[in-house]
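So the structure is just underneath, and the comments pick up after that.
The values are calculated or read from the model by the stated rules, or taken from the named source; none is laboratory data. Note that the structure is predicted; figures quoted are calculated from it, not measured. Every residue, glycine among them, receives a Cβ derived from its backbone with ideal geometry; neighbour counts consider all protein chains shown. Heavy atoms of the whole protein, side chains included, go into the accessibility calculation; ligands, DNA and RNA do not. Shrake-Rupley method; radii C 1.70, N 1.55, O 1.52, S 1.80 Å.
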2 protein chains.
Amino acid sequence: MIRALILTLFCAALAGAQNDRVTARQAIERIQKNVGVAWRGQTVDTFKAGDPDTAVTGIATTMMATYDVLVRAAAAGDNLIITHEPTFYGHLDETAALEKENDAVLAAKQQFIAQHHLVIWRFHDHWHMRTPDGIQTGMIRALGWEKFQKPGNDHLFVIPETTVGQLASEIKQRLGIRALRVVGDPSLRVTKLALAPGYPGFPAERHWLQRDDVEALVMGEGLEWETIEYGADAAAEGRHKALIILGHIPSEQAGMDDCAQWLKTFVPEVKVEFIPTKEPFWPAQ
Amino acid sequence: MIRALILTLFCAALAGAQNDRVTARQAIERIQKNVGVAWRGQTVDTFKAGDPDTAVTGIATTMMATYDVLVRAAAAGDNLIITHEPTFYGHLDETAALEKENDAVLAAKQQFIAQHHLVIWRFHDHWHMRTPDGIQTGMIRALGWEKFQKPGNDHLFVIPETTVGQLASEIKQRLGIRALRVVGDPSLRVTKLALAPGYPGFPAERHWLQRDDVEALVMGEGLEWETIEYGADAAAEGRHKALIILGHIPSEQAGMDDCAQWLKTFVPEVKVEFIPTKEPFWPAQ
């Protein structure tokens, strides 16, 4: 009788402990409360997979919730993945078309998520909207460009004079990028830079290039018949312009490292860590 | 009097010679007559710049009418440029937004076109629609893959077994590509390939990758949160899949060389030549 009572109390205590653990939904509510900008009605910052009421065992922030990232997060005991970019190969993470095609790549990813009770939530729009932009801040830190930043603008920099080729090599080495590409003359001497990571699109990318105080645009990715042709034309016309193309993941990744540090300040109950997304590209030799 | 008559006759003969010269509009009408597919009502295959009634002095076919290509065409005496990809940095070659911004890159390109009386016409949709696809045929020739082609399908190939890294290096060397990138394991052994040049988009690209008879997709370009993430996930899941990414221009360029050869058969009056578009990228070291 007493043993049964002790067991009952023990189980209740265990259940209580579990109830005390923050759920994925509660963790995200804290993000919404702390991010410092009004939450948008239309946003891609939503749950993409898993049960939001799952008790969180650990949080992994990452640039893109690739299969490789999910495997490493699960192995580390993290079940809430906060990803800047899509999980299911499209900006809206719509899986209907792939499911209709019985796509095996999607099915294996979904199965891994289900088996490991992972919850995936995207943090894109509001991390960019934050003042200052959480991605931009992380990238400036990773590049070591705080001291070169133009006052009042976190996209513009004046660096000591160097060539485009030298600058590209330095960024490549500092961020550990395998496949970094340049458009324009590698021997062009530059001091004035704009940093536009990710995929802001051709209008935003050309608006930086149109400015007299921008000689090289350090960017994530762009379409070859849009920003890339425009950059190549600017150079061919003899303008003092070049593109340094990091690739999408290395161009934004450090901003999700910063995100992990920020989360720790208001989700103290669980481990929070940054899991870097691997660059997908190898340069052919 | 007699001298005046002779001069008049000479001038009339000159004018006659000029009138005999084919106009850009007439050259394009011959393409429409010879291409072998019904001309679509909705198509990007239209004049993009210049006066279609200009007498043609020479025709340059090219992959993308960059500023550099226009300069080389004009220097060679070609005033009709037939381009596979856009001239003005967008699929529809709309210039309104750039003009509103007083964009200097666009203005210099338009000024060069006007000063040299160039006429630019795009040949995209119908050159692809032709049976066999004019771009695909040119690329198979350039790659030397005729002997590996699967009967009845100009996208599928079975090559002697090699690794993805070795295959990527061979393609890089053969096509003279500076910045060729691989997604997946470079040591993966492959024999079964799909060739999908240009930018067919994620649905088309994944449909090739879903097939059991495709181990490596040789492609032009793709968005990093769509086809690239999908390819990286397929590899991370342990599937026998890889991407070999040539870049848009080198992945389709040879098809416009074939176009020049084809044009010569029914536009015999003027010089027709292929002007290769330069690859825009340099890999950073």
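Listed values, structure above:
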quantity: Accessible area of the protein assembly as shown divided out per residue, in Å², using a probe of 1.4 angstrom; calculated: 42 Å²
quantity: Backbone N within the range B:77-105 under 17 Å of label point (7 Å from residue B:261 Cα along the Cβ vector); calculated: none
quantity: Residue A:159-residue A:75 FRET efficiency (beta carbon distance; Förster radius 35 Å; 0.05 resolution); calculated: 0.30
quantity: Pairwise FRET efficiency - residue A:212 versus residue B:116, Cβ, R0 = 41 Å, nearest 0.05; calculated: 0.90
quantity: Unit charges at the beta carbon, dipole of the range A:174-285: most positive-side option, A:242, A:230, A:263; calculated: A:263
quantity: Sorted peptide list for B:276-285, B:217-226, criterion being average Cβ within 10 angstrom, highest first; calculated: B:217-226, B:276-285
quantity: DSSP beta bridge pairing in the protein assembly as shown, given as percent antiparallel to the nearest 5; calculated: 40 percent
quantity: Interface residues in the range B:58-73 - accessible area drops by 10 Å² or more relative to the isolated chain, probe 1.4 Å; calculated: B:64, B:66, B:67, B:68
quantity: Average silhouette area of the range B:150-256, convex hull of alpha-carbon atoms, in square nanometres; calculated: 6.4 nm²
quantity: Gap separating the Cα centres of the range A:38-96 and the range A:168-213, nearest whole Å; calculated: 29 Å
quantity: Protein heavy-atom accessible area occluded, B/A pair - total, 1.4 Å probe, Å²; calculated: 5000 Å²
quantity: Carbon and sulfur %, accessible surface of the protein assembly as shown computed with the full protein complex present, 1.4 Å; calculated: 54 percent
quantity: Residues in the range B:168-206 occluded by at least 40 Å² - accessible area, probe radius 1.4 Å, against chain by itself; calculated: B:181, B:182, B:206
quantity: Gain in span if fully extended, residue B:94 to residue B:46, counting 0.36 nm per residue against the direct Cα distance; calculated: 16.1 nm
quantity: Rg/Rh for the range B:54-187, where both radii come from Cα atoms and Rh is the Kirkwood radius; calculated: 1.07
quantity: Volume per residue that the Cα convex hull of the protein assembly as shown spans, once the total is divided by residue count, Å³; calculated: 189 Å³
quantity: Angstrom value of the Kirkwood radius, inverse mean 1/r, which spans all Cα pairs in the range B:74-138; calculated: 13.6 Å
quantity: Those lysines that a straight Cα-Cα span of less than 25 Å connects to residue B:241, excepting residues fewer than 8 apart in one chain; calculated: A:100, A:109, A:278, B:147, B:150, B:172, B:192
quantity: Within 10 Å of each Cβ in B:217-228, the average number of Cβ atoms from other chains; calculated: 5
quantity: Convex hull per residue volume in Å³, alpha carbons only, for the range A:196-245; calculated: 60 Å³
quantity: Debye log10 I(q)/I(0) at q = 0.07, 0.09 Å⁻¹ for chain A, Cα point scatterers; calculated: -0.32, -0.50
